[in-house]
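Presented below is the structure to which this report refers.
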Amino acid sequence: MYKNLVPRFVRYVQTETRSDESSTTIPSTQSQVAFAKTLMAELTELGLSDVAYNTDNGYVTATLPSNTTQEVPTIGFIAHMDTADFNAKHVNPQFHENYDGQAILLNKEQNVVLSPEDFPNLKNYLGQTLITTDGATLLGADDKAGIAEIMTAMEILLADPTIKHGTVRVAFGPDEEIGIGADRFDVAGFNADFAYTMDGGPVGELEYESFNAAAAIVTIQGKNVHPGTAKNTMVNALKIALAFDAALPQDEVPEKTAGREGFYHLLGLSGEVEEARMEYIIRDHDRTKFENRKAFMLGIAEKLNADYGTERVTVNLNDSYYNMGEIIEKDMTVIDLAEQAMKNLSIEPIIEPIRGGTDGSKISFMGLPTPNIFAGGENFHGRYEFVAVESMQKATDVIVEIIRLNAGEKE
C-alpha cells in the first residue's frame, strides 16, 4: 500500500527546487520547472487524466476521474514544489529506525546534533522511523512530503476500484516559500468545490485560520557631513532607524509571542548615515488588529517626520495574504469532512490557527476554500528538519479517507 511512498519522497527531496525571491521568472527557478516535468510524467504513468503544466503560473495539475454514479463535490489536493531559503543542494536523507528518544548526531564534522533537549517534539516519535538531514542541508519535507502523500493516495485509489470516489483534482505549485506561488493560481481552471493543502506539520494538524500578513519597507533619508563639523547639520539615518524600531512594542515580536498574538518582525536593517532601509513583516490573526498594526507604523513615521521638520521616514506597506478563516467559517463542511476522516483513522484532530500562512490563505480568498492538513514534517526550513515515515503514511490515509467519505462511503 505504501511501498512507493518513501522512495518517492527520497527521490523528490534529492531534486533541488529552492525558490529565489530575487527572480522575476515564473516559477522563480528553472529547477522547479524541471521538477514539474518529472511530476507530470509520474502522474501520467500512474494513470491520471488531464495532466498539464500551466506556463502562466507554474502549476502541474491532473484529474482522478470519478468512479461513482453519485454526484459528489470535486475535491482538490495541493502541495508546493519549492523549498525554503536554506541550502537544498545534495540533500542526503538519513534513516533512523525504531527511534529511541536519544540525541541524533547528524554531522560529526560540523557537530550538528538533533537533540530532544533542543527539540522536545522528538519524544513524540519513540519507536518510529525518522528521516533526517545529514546536517548540511534542509530535508525538504516542506512540502515534498505533501507531494509524495498526494501522489501515493492517487496511486492507492487507482489500484483499488472498490474505494468509491468522486472527481479529485491535484495541483503541485511553485514559489510558496517566497509568498507568490498562489498569486496566479487558476481557480476556475482547477474546477474544484473545495481543496486542501497538504502542507502542515505534525500528525493531526487541521488548520483553517492563518495570519493576516503584510510587508513593510521603511526607508530613511539622512544627511551626511564631516563629523567634525556635524553639529546641528548631520542627520544620522541609522539613528533614526533605531528610534523607529524602539517605538514599536518591544514585546510584540516573534520570539515573545504565541497562539493568536500578532507581531512585528524586523527582517533586515542596512544603510549608512546618509540612508537606511528596514524590512519588516507584520502579522496578526485579527483583521482589525492587523490594520491597527499597519496604522501604528505609519504613525511612528509621521511623528519622526514631525520631529525632524521634514519627511525623512517613508513606510511602504504591501499586504501579502489574509486570514482564510474569514472565508472558511462561512461553510465549515470542508473542515467537518477532514475532522471526521481523522477521527475514523483514530487520529486526534489538532485544530489551531497557523502562525504563518499557506497557499490556501490566498486561494481561499480567490473563491476556493482551502484549509491545511498535516504532512508530517517538523523543524522546517533548516538542518534540523525531520519527518517520520509513519506520519507520512497517516497523511496519505487521511487523503484517501476524505475522498472516500466525500463519496458517501460508510465505515
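Which three numbers, in whole Å and largest first, are the semi-axes of the equivalent ellipsoid of the chain derived from its Cα gyration tensor as √(5λ)?
Three semi-axes, in Å: 42, 25, 20.
Backbone phi angles across region 312-321, fed through the Karplus curve with coefficients 6.51, -1.76 and 1.60 (θ = phi - 60°), yield HN-Hα couplings of 9, 10, 10, 10, 9, 9, 9, 5, 9, 6 Hz in residue order; Gly and Pro are listed as x.
Take the Cβ-Cβ distance between residue 279 and residue 69 as r, set R0 to 41 Å, and report the resulting FRET efficiency rounded to the nearest 0.05. All intermediate terms of the calculation are to be shown ahead of the outcome.
Values: r = 55 Å, r/R0 = 1.35.
Rounded to the nearest 0.05, the efficiency is 0.15.
Computed from the C-beta positions of residue 318 and residue 89, the FRET efficiency with R₀ = 25 Å rounds to 0.20. Computed with every protein chain present, the accessible area of residue 380 is close to 70 Å² [probe 1.4 Å]. Shape call for region 1-157 from the C-alpha gyration tensor, a ≥ b ≥ c root eigenvalues: rounded (a/c under 1.5), prolate (a/b greater than b/c) or oblate? Note, shape of region 1-157 comes out oblate.
So what is the accessible area of region 230-344 per residue, in Å², with the probe set to 1.4 Å?
Values: 6390 Å² over 115 residues.
So region 230-344 comes to 56 Å² accessible per residue, rounded to a whole number.
Inter-part distance, region 364-411 to region 243-262, computed on C-alpha centroids, equals 31 Å. The slack in the chain from residue 55 to residue 292, taken as 0.36 nm per residue of separation less the alpha-carbon distance, amounts to 81.5 nm. Whole angstrom only: what separates the Cα centroid of region 67-134 from the Cα centroid of region 1-31? The two parts, judged by their Cα centres, are 15 Å apart.
Ordered from largest to smallest accessible area (heavy atoms of protein chains, 1.4 Å probe), the residues 315, 60 come out as 315, 60. Just 228, 101, 135 to compare: in a GNM of the chain, with alpha carbon springs under 10 Å, which one fluctuates most? So, out of 228, 101, 135, the one fluctuating most is 228.
Given a 1.4 Å probe and the protein chains as shown, residue 44 ends up with an accessible area of around 80 Å². Backbone geometry of region 184-199 corresponds, through the Karplus equation with coefficients 6.51, -1.76 and 1.60 at θ = phi - 60°, to 3J(HN,Hα) couplings of 10, 4, 8, 4, 5, x, 5, 6, 10, 7, 7, 8, 9, 8, 9, 8 Hz, x marking Gly and Pro.
Against the main long axis of the alpha-carbon atoms of the chain, helix 141-159 sits at an angle near 20°. Once the Cα atoms are used to define both axes, helix 237-247 deviates from the longest principal axis of the chain by about 60 degrees. Among the listed pairs 231/303; 144/343; 123/256; 144/289, those whose Cα-Cα separation exceeds 28 Å are 144/289. Where does the longest stretch of the chain lie that holds no trypsin sites (Lys or Arg not before Pro) found in a DSSP loop with 12 or fewer other Cβ atoms within 10 Å? Excluding the exposed sites themselves, the longest stretch runs over 109-230.
Label separation (residue 272 vs residue 245): 2.0 nm, computed from points 7 Å beyond Cα along the C-beta direction.
Return one number: the angle in degrees, 0 to 90 and rounded to the nearest 10, between the long axis of the Cα atoms of helix 287-308 and the longest principal axis of the Cα atoms of the chain. Helix 287-308 sits roughly 20 degrees off the main axis of the chain. Here residue 352 and residue 233 are evaluated by their C-beta separation; at R0 = 41 Å the FRET efficiency comes out at 0.15. Using a 1.4 angstrom probe on heavy atoms only, work out the carbon and sulfur share of the accessible area of region 220-308 in %. Answer for region 220-308: carbon and sulfur cover 52 percent of the accessible area. The HN-Hα couplings worked out from phi for region 210-223 by the Karplus form 6.51 cos²θ - 1.76 cosθ + 1.60 (θ = phi - 60°) are 10, 5, 7, 9, 9, 10, 10, 10, 9, 10, 10, 9, x, 9 Hz, whole numbers, x standing for Gly and Pro.
The values are calculated or read from the model by the stated rules, or taken from the named source; none is laboratory data. Everything numeric in this text was worked out from a predicted model, so none of it was measured. Virtual Cβ from ideal backbone geometry, glycine too; neighbours counted across all protein chains shown. In case anyone asks, the SASA skips ligands and DNA or RNA and just uses the protein heavy atoms, side chains included. Shrake-Rupley method; radii C 1.70, N 1.55, O 1.52, S 1.80 Å.
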